[in-house]
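This structure is in structure tokens; I'll ask about it shortly.
The values are calculated or read from the model by the stated rules, or taken from the named source; none is laboratory data. Note that this is a predicted model, so its numbers are computed, not measured. Here Cβ is always computed from backbone atoms with ideal geometry, including for glycine, and neighbour counts include all displayed protein chains. To get the accessible areas, we keep the full protein, side chains included, count just its heavy atoms, and leave off ligands, DNA and RNA. Shrake-Rupley method; radii C 1.70, N 1.55, O 1.52, S 1.80 Å.
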Amino acid sequence: MATLIKNGTIVTGTDLFKADLRIKDGTIRSIGPGLEHAGDVVVDATGRFVMPGGIDVHTHLDMPFMGARSTDDFETGTIAAAMGGTTSHIDFIVPVKGRPLQEALETWRGKAEGKAAIDYGFHLCIVEMTPSTLGELDAMLEDGITSFKLFTAYPGALMIDDGAIFTTLRWAADRGALIQVHAENGPAIAEIVDAMVAEGRTEPKYHGLSRPSALEGEATARVITLAGVAGAPLYIVHLTCREALEAVGKARKRGQRVYAETCPQYLYLSSDDMARPGFEGAKYVCTPPIRDKEHAPALWRGLAQGDILTVATDHCPFDYDGAKRMGEGDFRKIPSGLPGIETRMALLYHGVTENRISLTRFVDAVATKPAKLFGLYPRKGAIVPGADADIVLWDPERDYSLSHKDLHMRVDYSPYEGMTLKGGPDKVFIRGELVADNGRFLGKPGFGRYLHRDRFHPIEL
Ligand SMILES: [Zn+2]
């Protein structure tokens, strides 16, 4: 059976035009004005933007962290994603030190299979460098895992040293893998944290004050330098501040292949939220921390101008009246992470209604560039014949205010409670199947397929 989407305005990462779209057997078959009915199911998209489904390349579903577990699993998290217009995501495998990487991959497959309602892929975190690590990474490439995350933060846990980072970058340059980095100077931060706790400064806001933006800038510039010497492309996850953005901008001007991601929490929230009275600031504790107000306008400019290419979520929810409470009286014990997989696209679209970014840049940042960077293009992130029919009909006129009670993420609060938005997904298709319609979920857990991703192509980014 074919589906014909008529009378919509197609929006891609580069173009906007009126055309109809025919879908058959899960893929886009034809695009053009006035396509004829041919026994099709017809969907009227008058007044709607017809765009590729969103791709969230930074999620942590069902993840053990800081003595807790992120509250959304692959079922609840991906249903929420679909309701927000996201049709694919890439989650991070976090291996256990001393154990084979293949075992970690099996663990994450087990979390997703039979549960994911949208398509899913995996990145792998590299948390140690042993004599067998590079060989094990080669095997990961064969499994369609082509991007790997390193940490300059969390010493004693996830951090690896500059030597191991450089080794990995050289390997990636040779193999066509993309290295991602969480860039903060972990050892310096550890010193500040200890000093603050010793002085009895333990409220949530000290989580932010103990991690200065300059130390994100320093680590970002350092890893950019290492990547430049290694000849490897580099992707900066969750960039939050002016210092880091300047390092990325300088490198890109030199022609270095450096790509940056930010998240809605860094565009809309500020350190004032973390300083809310009582323990409420814990709702806003994530890492790197949400910054002082003056950083967000710089991030918006970076997004508009292209030094920041993608917007992902770092979705990693913990209940406020649950795991977050472990950190009452000690900010070090607040599980770090925010919910966001469902609200990412509507929040970024808000930047379109406020003239901060263009409509095509919106689509580019939430769908097209993520697909290009992570080996999914043009199967995903594109409206072209042959692409998967992952399509969102976006209603630019819908007015509503965000509230946790209307959202589908399995967590007991929203960081954006009461925020007024315009525009949201109306119908959402994954491989031609209608999975969300006007606020109703019509898909099913287990429908999501594993995304075997291509290696990094230095296509025009
Ligand atoms: Zn993350």
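Go through region 1-32 and give me each residue that's buried (at least 22 other Cβ atoms within 10 Å of the Cβ), of a type in the set (Gly, Ala, Ser) and more than 26 Å from the chain's Cα centre (by Cα).
8
Give me the residue from region 277-308 that is under 23 Å from residue 405 (Cβ atoms) and among the hydrophobic types (A, V, I, L, M, F, W, C) and, out of that set, nearest to the ligand (Cβ to nearest atom).
Going through the qualifying residues, I end up with 286.
Here are the criteria: (1) in the same structural domain as residue 307 (by TED's automatic domain parsing); (2) farther than 25 Å from residue 305 by Cβ. Tell me which single one residue 393 does not satisfy.
Looking at each condition in turn, residue 393 falls short on (1).
If you don't mind, there's one more thing I want to ask. Considering each residue of region 263-286, count those that are in contact with a His (Cβ under 6 Å, 6 or more places away or on another chain) and aliphatic (A, V, I, L, M), and give that number.
Taking region 263-286 and keeping what is in contact with a His (Cβ under 6 Å, 6 or more places away or on another chain), we get 263, 285.
Still in the list and also aliphatic (A, V, I, L, M): 285.
Of the residues in region 263-286, 1 are in contact with a His (Cβ under 6 Å, 6 or more places away or on another chain) and aliphatic (A, V, I, L, M).
Let me spell it out: the conditions are (1) open to solvent by less than 10 Å² (accessible area, probe 1.4 Å); (2) within 16 Å of the ligand (Cβ to nearest atom), and residue 211 meets all of them except one. Which number is the exception?
Every listed condition holds for residue 211 apart from (1).
Of 369, 427, which residue is assigned by TED's automatic domain parsing to the domain that holds residue 336, open to solvent by 20 Å² or more (accessible area, probe 1.4 Å) and within 30 Å of residue 18 (Cα to Cα)?
Values: 427 fails: assigned by TED's automatic domain parsing to the domain that holds residue 336.
Step by step, each of 369, 427 is checked, and only 369 is assigned by TED's automatic domain parsing to the domain that holds residue 336, open to solvent by 20 Å² or more (accessible area, probe 1.4 Å) and within 30 Å of residue 18 (Cα to Cα).
Do you know which of the residues in region 164-186 that are more than 15 Å from residue 141 (Cα to Cα) and small (Gly, Ala, Ser) is farthest from the ligand (Cβ to nearest atom)?
Looking at residues that are more than 15 Å from residue 141 (Cα to Cα) and small (Gly, Ala, Ser), I get 164.
Something else about it: Restrict the check to region 166-181 and report whether at least one residue is in a helix (DSSP H, G or I), open to solvent by 20 Å² or more (accessible area, probe 1.4 Å) and of a type in the set (S, T, N, Q). Don't jump to the end; show me each part of the working.
Step one: of region 166-181, the residues in a helix (DSSP H, G or I) are 166-175.
Narrowing the set further to residues that are open to solvent by 20 Å² or more (accessible area, probe 1.4 Å) leaves 166-167, 170, 173-175.
Narrowing the set further to residues that are of a type in the set (S, T, N, Q) leaves 167.
Yes, some residue in region 166-181 is in a helix (DSSP H, G or I), open to solvent by 20 Å² or more (accessible area, probe 1.4 Å) and of a type in the set (S, T, N, Q).
Restricted to region 309-343, and to residues that are among the β-branched types (Val, Ile, Thr) and within 16 Å of the ligand (Cβ to nearest atom), which residue is nearest to the chain's Cα centre (by Cα)? Walk me through how you get there before you give the answer.
First pass over region 309-343, keeping only residues among the β-branched types (Val, Ile, Thr): 310-311, 313, 334, 341, 343.
Of the ones still in play, those that are also within 16 Å of the ligand (Cβ to nearest atom) are 310-311, 313, 334, 341.
Details: 310: 8, 311: 6, 313: 4, 334: 22, 341: 8 Å.
Result: 313.
Next up: Of the residues 245, 267, 226, which single one is part of a helix (DSSP H, G or I), in the same structural domain as residue 153 (by TED's automatic domain parsing), open to solvent by less than 30 Å² (accessible area, probe 1.4 Å) and in contact with a Phe, Trp or Tyr (Cβ under 7 Å, 6 or more places away or on another chain)? Give the steps one after another, and end with the answer.
On the way: 245 fails: in contact with a Phe, Trp or Tyr (Cβ under 7 Å, 6 or more places away or on another chain); 226 fails: open to solvent by less than 30 Å² (accessible area, probe 1.4 Å).
Going through 245, 267, 226 in turn, the sole match is 267.
Check region 30-53 and report whether any residue there is within 30 Å of residue 179 (Cα to Cα), part of a strand (DSSP E or B) and more than 16 Å from the ligand (Cβ to nearest atom).
Step one: list which residues in region 30-53 are within 30 Å of residue 179 (Cα to Cα), which gives 51-53.
Applying the additional criterion that residues be part of a strand (DSSP E or B) yields 51-52.
Going one step further and asking which of them are more than 16 Å from the ligand (Cβ to nearest atom), we end up with 51-52.
Yes - at least one qualifying residue is present in region 30-53.
Still on this structure, I have one more. Quick check, is residue 437 more than 30 Å from residue 114 (Cβ to Cβ) and either touching a strand residue (DSSP E or B) at 6+ places or on another chain (Cβ under 6 Å) or touching a residue at least 60 places away in the same chain (Cβ under 8 Å) (or both)? Talk me through it step by step, then tell me what you get.
On the way: more than 30 Å from residue 114 (Cβ to Cβ): no; either touching a strand residue (DSSP E or B) at 6+ places or on another chain (Cβ under 6 Å) or touching a residue at least 60 places away in the same chain (Cβ under 8 Å) (or both): yes.
No, not satisfied.
Going through region 54-94 one residue at a time, which ones are in a loop (DSSP other than H, G, I, E, B) and more than 16 Å from the ligand (Cβ to nearest atom)?
Step one: list which residues in region 54-94 are in a loop (DSSP other than H, G, I, E, B), which gives 60-63, 66-67, 70-73, 84-85, 94.
67, 73, 84, 85, listed by residue number.
Could you list, in sequence order, all residues of region 399-430 that are farther than 20 Å from residue 75 by Cα and either among the hydrophobic types (A, V, I, L, M, F, W, C) or free of Cβ contacts under 8 Å to residues at least 40 places away in the same chain (or both)?
Correct list: 399, 400, 401, 402, 403, 417, 418, 419, 420, 421.
Consider region 141-159. How many of its residues are within 25 Å of residue 64 (Cα to Cα), more than 16 Å from the ligand (Cβ to nearest atom) and either in contact with a Ser or Thr (Cβ under 8 Å, 6 or more places away or on another chain) or open to solvent by 50 Å² or more (accessible area, probe 1.4 Å) (or both)?
Of the residues in that region, 2 qualify.
Sticking with this one: Filter region 96-116 down to the residues that are assigned to a loop (DSSP other than H, G, I, E, B) and open to solvent by 10 Å² or more (accessible area, probe 1.4 Å), then identify the one that is farthest from residue 444 (Cα to Cα).
So in region 96-116, the residues assigned to a loop (DSSP other than H, G, I, E, B) come out as 96-100, 113-116.
Those left that are additionally open to solvent by 10 Å² or more (accessible area, probe 1.4 Å): 96-100, 113-115.
Numbers: 96: 31, 97: 35, 98: 37, 99: 33, 100: 32, 113: 12, 114: 10, 115: 8 Å.
Per the stated criteria, the residue is 98.
If the requirement is being part of a loop (DSSP other than H, G, I, E, B), open to solvent by less than 30 Å² (accessible area, probe 1.4 Å) and in contact with a His (Cβ under 8 Å, 6 or more places away or on another chain), which of these qualifies: 341, 357?
Just one listed residue meets the conditions, 341.
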